[in-house]
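Peer 1: Please read through the structure below; I'll follow up with questions.
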Amino acid sequence: MRLCSVLLLLLPTACSSGIPSISPLDNDAVVLAFGNSLTFGTGASTAESYPAVLQGLIHRKVINAGVPGEVTSQGLARLPEFLEKHQPALLILCHGGNDLLRRTGEKQAADNVRAMIRMAKKRGIDVVLIGVPKPGLSVSIAGFYKEIAREFDAPYEGQILADIMSTGSLKNDVIHPNSQGYAKLARSIASLLRKAKAI
């Protein structure tokens, strides 16, 4: 009997996805999707951006706060206004691609991403982090995203954008998905939110 009890206690741990849990989103919760052109939806229509598709998948309001061409220092300066205005329960942060493209330094981008996460968490807002590919012969996600996700114990999607940008049929150009690519990104984020017990 005692052995059975021990096995039952261990079973949830063995089946765990390893993804940190975050607070469940109320039906009227606001989700803030914050970033640059990947969030804005460059390469597709407004209705085909990942925040718009995600809203339909999770049945919560998702604000598209993407600004094409923005670097993380600009995002850091812009974020407080959006947190104050929309009072989100969840921040989906997908930022840093332009820093990497312009080669302004991964450390600066990482520090700014950390500062944005701290800003949200200080207000009691959960954060989901999306890793962004760095320039190179092969498409791979910059390593600092995974480190930051571990540091803040945040749910993290660290492969989907590399997969999308490695697949010609999912790209509009060399750095932006098309509508099919954004839909795939939205489905991946929705899946992550389910695993994190947010929905």
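The values are calculated or read from the model by the stated rules, or taken from the named source; none is laboratory data. Bear in mind the structure is a predicted one, so any value in this text is a computation, not a measurement. Every residue, glycine among them, receives a Cβ derived from its backbone with ideal geometry; neighbour counts consider all protein chains shown.
Peer 1: For the range 144-176, which residues satisfy the criterion of being under 14 Å from C94 (Cα atoms), of a type outside the set (A, V, I, L, M) and either at pLDDT below 95 or in contact with a helix residue (DSSP H, G or I) (Cβ under 9 Å, 6 or more places away or on another chain) (or both)?
Peer 2: If the condition is that a residue be under 14 Å from C94 (Cα atoms), of a type outside the set (A, V, I, L, M) and either at pLDDT below 95 or in contact with a helix residue (DSSP H, G or I) (Cβ under 9 Å, 6 or more places away or on another chain) (or both), then F144, Y145, P155, Y156, E157, G158, Q159, H176 are the ones that fit.
Peer 1: List the helices (runs of 4 or more DSSP H) that sit entirely inside the range 91-175 and contain at least 1 residues that are hydroxyl-bearing (S, T, Y). Step through it out loud before you land on a result.
Peer 2: Details: elements: 97-102, 106-122, 144-152, 160-165.
Where helices (runs of 4 or more DSSP H) fall fully within the range 91-175 and carry at least 1 residues being hydroxyl-bearing (S, T, Y), they are 144-152.
Peer 1: Let me spell it out: the conditions are (1) within 17 Å of the chain's Cα centre (by Cα); (2) more than 20 Å from Q55 (Cα to Cα), and L91 meets all of them except one. Which number is the exception?
Peer 2: (2)
Peer 1: Assuming A190 fulfils every condition listed in (1) in contact with a Ser or Thr (Cβ under 6 Å, 6 or more places away or on another chain); (2) crowded, with 16+ Cβ neighbours inside 10 Å; (3) in contact (Cβ under 8 Å) with a residue 60 or more places away in the chain apart from one, which condition is it?
Peer 2: With (1) in contact with a Ser or Thr (Cβ under 6 Å, 6 or more places away or on another chain); (2) crowded, with 16+ Cβ neighbours inside 10 Å; (3) in contact (Cβ under 8 Å) with a residue 60 or more places away in the chain applied to A190, the lone miss is (1).
Peer 1: I would also like to ask the following. Among the residues of the range 72-88, write down those that are of a type outside the set (S, T, N, Q) and buried (at least 21 other Cβ atoms within 10 Å of the Cβ).
Peer 2: Applying the first criterion (of a type outside the set (S, T, N, Q)) to the range 72-88 yields 75-86, 88.
Correct list: G75, L79, P88.
Peer 1: Filter the range 26-44 down to the residues that are surrounded by 21 or more Cβ atoms within 10 Å (Cβ to Cβ) and either basic (K, R) or not in a helix (DSSP H, G or I) (or both) and list them by number.
Peer 2: Within the range 26-44, the subset surrounded by 21 or more Cβ atoms within 10 Å (Cβ to Cβ) is 31-36, 38-41, 44.
Answer for the range 26-44, where residues must be surrounded by 21 or more Cβ atoms within 10 Å (Cβ to Cβ) and either basic (K, R) or not in a helix (DSSP H, G or I) (or both): V31, L32, A33, F34, G35, N36, G41, A44.
Peer 1: Separate question: Scanning for something of a type in the set (S, T, N, Q), surrounded by fewer than 13 Cβ atoms within 10 Å (Cβ to Cβ), farther than 19 Å from E48 by Cα and out of contact with any Asp or Glu (no Cβ under 8 Å at 6 or more places or on another chain), does the range 139-158 turn up at least one residue? Walk me through how you get there before you give the answer.
Peer 2: Taking the range 139-158 and keeping what is of a type in the set (S, T, N, Q), we get 140.
The next check asks that each one be surrounded by fewer than 13 Cβ atoms within 10 Å (Cβ to Cβ); those that pass are none.
Taking every residue of the range 139-158 in turn, none turns out to be of a type in the set (S, T, N, Q), surrounded by fewer than 13 Cβ atoms within 10 Å (Cβ to Cβ), farther than 19 Å from E48 by Cα and out of contact with any Asp or Glu (no Cβ under 8 Å at 6 or more places or on another chain).
Peer 1: Condition first: more than 18 Å from the chain's Cα centre (by Cα) and either of a type in the set (A, V, I, L, M) or closer than 12 Å to I117 by Cβ (or both). Now tell me which residues in the range 72-88 satisfy that.
Peer 2: Of everything in the range 72-88, just one residue is more than 18 Å from the chain's Cα centre (by Cα) and either of a type in the set (A, V, I, L, M) or closer than 12 Å to I117 by Cβ (or both), namely A77.
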